1. May I ask what percent, to the nearest 5, of DSSP beta bridges between residues of the chain are antiparallel?
2. Long-range amide H contacts for Gly9: which residues qualify at under 5 Å (H placed 1.01 Å from N, peptide plane, sequence gap of 5 or more or a different chain)?
3. Is the C-alpha gyration tensor of region 108-228 telling us rounded, prolate or oblate? Criteria: a/c under 1.5 is rounded; beyond that, a/b larger than b/c is prolate, otherwise oblate.
4. Quick check for me: using +1 on Lys/Arg Cβ and -1 on Asp/Glu Cβ, what's the dipole size of region 182-300 about its Cα centre, in debye to the nearest 20?
5. What residues have an amide H closer than 5 Å to that of Asp393, excluding those fewer than 5 places away on the same chain, when H is modeled at 1.01 Å from N in the peptide plane?
6. Given a 1.4 angstrom probe, I'd like the percentage of the accessible area of the chain that is carbon and sulfur, rounded to a whole number.
7. Less than 19 Å apart at the alpha-carbon level, and either on another chain or at least 8 residues along: which aspartates and glutamates does that give for Lys368?
8. Quick one: which residues, 5 or more positions from Gln385 or on another chain, have an amide H under 5 Å from its amide H? H modelled 1.01 Å from N in the peptide plane, none for Pro or chain starts.
Amino acid sequence: MAIETLVLGAGQEVGKSCVVVTINNKRIMFDCGMHMGHLDRHRYPNFALISPNRDFNSTLSCIIITHFHLDHVGALAYFTEVCGYSGPVYMTYPTKALTPLMLEDYRRMMDRQGEEELFTSGHIAECMKKVIAVDLRQTVQVDEDLQIRAYYAGHVIGAAMFYAKVGDTEMVYTGDYNMTPDRHLGAAQIDRLRLDLLITESTYATTIRDSKYAREREFLQAVHKCVSNGGKVLIPTFALGRAQELCILLDDYWERMNLKVPIYFSAGLTLQANMYYKMLISWTSQKIKDTYSKHNAFDFKNVDKFERSMIHAPGPCVLFATPGMIVGGFSLEVFKHWAPSENNLVTLPGYCVAGTVGHKLMSGKPTKIDLDPNTQVDVRCQVHQLAFSPHTDSKGIMDLVKFLSPKNVMLVHGEKPKMMSLKEKIHSELGIQCYVPANDETVCIPSTQYVKAEASDTFIQSCLNPNFKFQKCTSVDICNSTMIGRNLIPELKIEDERAVEGVLVMEKGKQAKVIHQDELLLMLGENKHGV
């Protein structure tokens with residue numbers, strides 16, 4: 001039996017995660033994302049490769065969504081309501097709660113920018129009716145042969161790694177995960193499993209991050225310096241995840257330093273998201289859960305709502321604006337106005353996909369950025385990139401691979417040169433076969449198949465025969481020796497190692513059987529020869 005993997009997205013790139021895995025005629029789509037850096041047909045996965053006649057219901061057993069980020073769920077409403085998939089969709093309870101917020105916010109942003117509306121609010125509502133929510137570590141029997149189970153992934157609230165089993169074949173698809181805890185989420189947790197395949201993200205395939213506290217201090221110092229000099233700080237971030245992490249950090253710092261400079265959230269989605277975070281405390285870090293009865297960490301004392309009319313208001317401020325990576329929407333609108341001032345600061349707290357304004361800012365020190373053929377922005381502001389990404393680093397990926405010790409590893413969601421480097425490291429240090437497929441590429445991976453076999457009476461009898469080994473031992477510490485007078489009496493250490501050798505016989509039309517080696521000679525009509 002082989003595991004067939006069709007990579008429709010995040011193959012040798014970051015964006016539109018979508019991997020279709022086939023195990024013994026069971027076909028699972030892991031994630032259904034969109035690419036934030038494309039506006040053309042490359043934005044969505046090429047679903048025609050799953051079924052040329054678009055018969056997705058008979059082709060797919062289920063869809064599994066690991067978390068609510070658009071590069072993992074952005075194409076879901078389009079696939080279910082426009083392409084016509086009506087089968088089961090599995091995700092955790094927080095992901096089910098927050099996914100419609102993300103999809104609706106994205107739909108509104110596309111509408112404001114005059115882009116083609118690929119799905120409607122009605123599509124989102126109908127799509128979510130197909131979703132089946134699962135708890136962590138809950139084993140779900142999708143059908144008679146396929147079972148799945150979710151494990152805590154860190155990364156963002158509700159994110160999960162998913163285990164899938166068909167027959168004797170077992171695999172894990174990680175989605176995005178973090179192996180170290182942060183202020184509002186714990187580290188990824190998973191059981192030791194016997195896996196044929198691990199499909200893991202590799203966003204930071206060659207990066208080993210320094211101390212979290214050093215990175216937090218650097219971020220706070222940069223923000224404090226800017227507002228102290230009268231500047232404005234733009235933090236482009238997605239409404240869910242890093243926004244809450246950095247707000248906890250800034251809110252605490254503002255209290256300790258007694259700062260009066262306003263901190264704002266762009267109106268709408270993030271305020272709604274904070275309400276959900278307050279309700280989903282059980283999915284957060286242990287520290288937040290322990291202090292919840294006295295203080296809800298998502299009740300920010302120093303954070304207020306920001307209105308569009310305040311863009312040109314005088315004086316310093318800090319603004320969290322969506323979406324992250326400055327791919328459009330309000331963060332792009334604010335960037336156009338604030339970037340020309342050298343007093344202002346744009347701080348990019350995470351990974352930015354190629355093709356986005358955020359990526360252009362991180363790729364050197366541009367003085368001008370072309371947004372489209374008719375729009376150019378002068379960039380005189382300070383640009384600060386910080387490693388506040390909720391993805392695991394190279395060490396975390398290697399730690400997970402070592403812990404799970406799968407027979408095969410597949411890397412997705414990363415940059416090709418760095419993925420190739422990590423592939424070589426996994427193979428050379430751990431001796432595990434590693435694959436790095438490109439988009440629209442299919443890879444067949446061998447899997448384990450167990451055979452049920454009978455055992456002959458002679459073989460069973462040989463297992464029961466004692467196999468004693470005797471060893472003299474004189475050390476009092478090792479052997480509990482006894483004293484008679486002043487003489488130390490040596491004792492025997494006795495071991496019984498009942499290891500036997502047998503022969504697996506598989507005949508056509510008959511059940512497999514394990515027999516004693518002497519029985520094989522009788523079967524073959526041969527005599528035992530001695531030398």
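1. The antiparallel proportion sits near 55 percent.
2. Residues meeting the criterion, in which the H sits 1.01 Å from N, are Cys18, Asp440.
3. Taking the square roots of the gyration eigenvalues as a ≥ b ≥ c, region 108-228 is oblate.
4. 220 debye
5. Residues meeting the amide H criterion: Met179.
6. On the chain, the fraction of accessible area on carbon and sulfur atoms equals 49 percent.
7. Result set, ordered by chain and number: Glu333, Glu342, Asp378.
8. Answer set, sorted by chain and number: Leu348.
The values are calculated or read from the model by the stated rules, or taken from the named source; none is laboratory data. Just so you know, these numbers come straight off a predicted model, no measurement behind them. Heads up, the Cβs are rebuilt from the backbone with ideal geometry, glycines too, and the neighbour counts pull from every protein chain shown. Heads up: the accessible areas ignore ligands, DNA and RNA and are worked out on the full protein's heavy atoms, side chains in. Shrake-Rupley method; radii C 1.70, N 1.55, O 1.52, S 1.80 Å.
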